[in-house]
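Throughout, read-outs are computed from the coordinates displayed, never taken from laboratory work. Quick caveat, the model's predicted, so the values are computed rather than measured. Reconstructed Cβ throughout: ideal geometry from the backbone, glycine too, with neighbour counts over all protein chains shown.
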Amino acid sequence: MSRAIIAGTGSALPDRVLTNRDLERMVETSDEWITSRTGINTRRISGAGEGTSRLAAAAGRKALAMAGVDPGELDMIVVGTITPDMTMPSCACLVQKELKAVRAFAFDLNAACSGFLYALDLADKYIRSDPSLKILVIGAETLSSRVDWQDRNTCVLFGDGAGACLVTGGAGERGYLAGKLMADGSLWELLHLEAAPGHNRDLRPNHDSSPSIRMQGREVFRHAVRAMEDAVTRVLNATGVKAESLRLVIPHQANIRIIKSLAEHLGLPPEKVYVNVDKYGNTSAATIPIALDEANRAGLLAPDDLVMFCAFGGGFTWGASLLKW
Ligand code: COA
């Protein structure tokens, strides 16, 4: 049976770096508070020409180059994002245009911070029906455009960026071994971002004219820790893989305390759990593919290594997936 393999990775980040010291001048916060509560030191903020689709296309181009695949060979582009440039067309269609991937069909997927994980799982299902497919799976966000820069509860946490994988069919035992995706819409209010207001005032009587991310941080934290631990455990149990056999866990990068709790739960040493939340903050659907690209380019992954991804985000959505590299 053929399963999805990742033949190339890429990432793209805006040039501008926003430090905790910069934030001290914007809201009532401190470098000490942000670092100790979140592990975040800096994040990247988009400027002109660095919209979600541009970052997504730049990351995609690098993944294609690494895999030696021409954009014209692509069959499908899927972008996990909650911050597309436009509601219509999708970010994925703009990426298709930018890359001149003329044969590819393209669409976005909204699963918040779990968007890349959902998209990768979907790509695997397409590959299992046709292993010759070449699919670009991207996680891309410009959350800086949807954050309330006066709300210290949220504005210190998020950043912009994109990561991409070129996915195709592999031979033998390598590739996507298993995934477990979950959702619980009943908890939506704990972490949400309203849609842009429409013209039908009966449908949205109390709408905010410029909605921003709203979050009850402590509650989200509690759920995130439990949910990611549970998802990883389910995937390990389903595959019979022991945690100590994992070469690398790449968790969603939201908060260093969530990541450390996961590592402790799995009994894994710090060097087996990838962390870059200090540099980029929470880039939602982009955190895992950016981290994967960094780890890959740093030579941290060798053929047949077992790699676990896990994520948690608004919805709530969450899950985990296991790959043999
Ligand atoms: N600077 C200084 N103080 C801040 C602050 C900031 N940027 N943000 C919040 N505070 C204050 C709060 O107002 C609160 O003050 P109070 O006790 O007087 O009410 C205090 O710090 C503690 O807040 P609390 O929410 O208990 O802190 P915490 O330890 O839970 O950390 C988060 C807050 C947001 C960092 C943490 O809850 C978190 O990471 N949650 C999950 C976020 C997340 O992952 N979201 C995305 C999921 S994909």
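Take every DSSP beta bridge whose two residues both sit in the chain; close to 70 percent of them are antiparallel. With 18 Å as the limit on Cα-Cα distance, the pairs of Lys62/Lys324; Lys62/Lys97; Lys242/Lys324 that go past it are Lys62/Lys324. The order of Leu136, Leu157, going from fewest to most other C-beta atoms within 10 Å of their C-beta, is Leu157, Leu136. Seen from every direction in turn and averaged, the convex hull around the alpha carbons of segment 50-149 projects onto 6.3 nm².
Result for the chain in a Gaussian network model with C-alpha springs under 10 Å: among Leu301, Leu203, Leu177, the largest mean-square fluctuation is at Leu203.
Spatial offset of segment 1-25 relative to segment 236-298 amounts to 14 Å, using the alpha carbon center of each. Excluding same-chain neighbours fewer than eight residues apart, the lysines reachable from Lys279 by a Cα-Cα span under 19 Å are Lys260.
Three principal axis extents describe the C-alpha atoms of the chain; from largest down they are 54, 46, 38 Å.
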